[in-house]
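First the structure, in the form of structure tokens, and then the observations on it.
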Amino acid sequence: MEDLLKGRLGGDSGFDIRCAIDGDHIVGRAGGKLHGQDIDLEITEKGVQGTVGDSPVSIQLDAGELKGNVGREKLTLRGVDRVTGFFGEPIVGWNVSAQQTGTQLYGRLGSTVLGREFQLELGSAPGWVGALVAVVAFYALEPRASATR
């Protein structure tokens, strides 16, 4: 059964996220036709593998947390429908927080001043999937998130 995950990262000045979820495979795009990146992720028994644009995504489940890399940036996420975590390095990084309410996910990457809010319709996907897709999209399209690419 295919499901859609769609929404926006960064409000009016941000960009759209649209992915199809078919079983354990998530395929879609962050951004538009001219300025965007393809997302291709596979949920496995041990974590999540895939690509965003030409950058690898490799995340493993470790002691109840998802830990790994999106490109060269480190990522840690914990929780299912209330998701928290950190993306990047301790000095230059972004806090991740999201809350699932029904089929909606509301969240923020980074601080109140410099961060980016996101809102996604999840369909039947759990909140952690939406939070992961938002982080991957942020990495793909925010120049400051992928400066070490």
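The values are calculated or read from the model by the stated rules, or taken from the named source; none is laboratory data. A quick note: this is a predicted structure, and the numbers were derived from the prediction, not measured. Just the protein is used for accessible areas: all its heavy atoms, side chains included, with ligands, DNA and RNA removed. Shrake-Rupley method; radii C 1.70, N 1.55, O 1.52, S 1.80 Å.
The figures follow:
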quantity	calculated
Exposure ranking of 113, 136 by accessible area [1.4 Å probe, largest first]	113, 136
Cα centroid separation, segment 43-58 to segment 89-149 (Å)	16
Rounded percent of accessible protein surface that carbon and sulfur make up, the chain, 1.4 Å probe	52
Residue 67 accessible area, assembled protein chains, probe 1.4 Å, Å²	80
Hits among aspartates and glutamates - C-alpha to C-alpha of residue 46 under 13 Å, sequence gap 8 or more where chains match	24, 62, 65
For the chain: rounded, prolate or oblate by the Cα gyration tensor [a/c cutoff 1.5]	rounded
Prolate/oblate/rounded call for segment 37-118, Cα gyration tensor, a/c under 1.5 rounded	rounded
Residue-normalised accessible area of segment 60-140, given per residue in Å² at a 1.4 Å probe	47
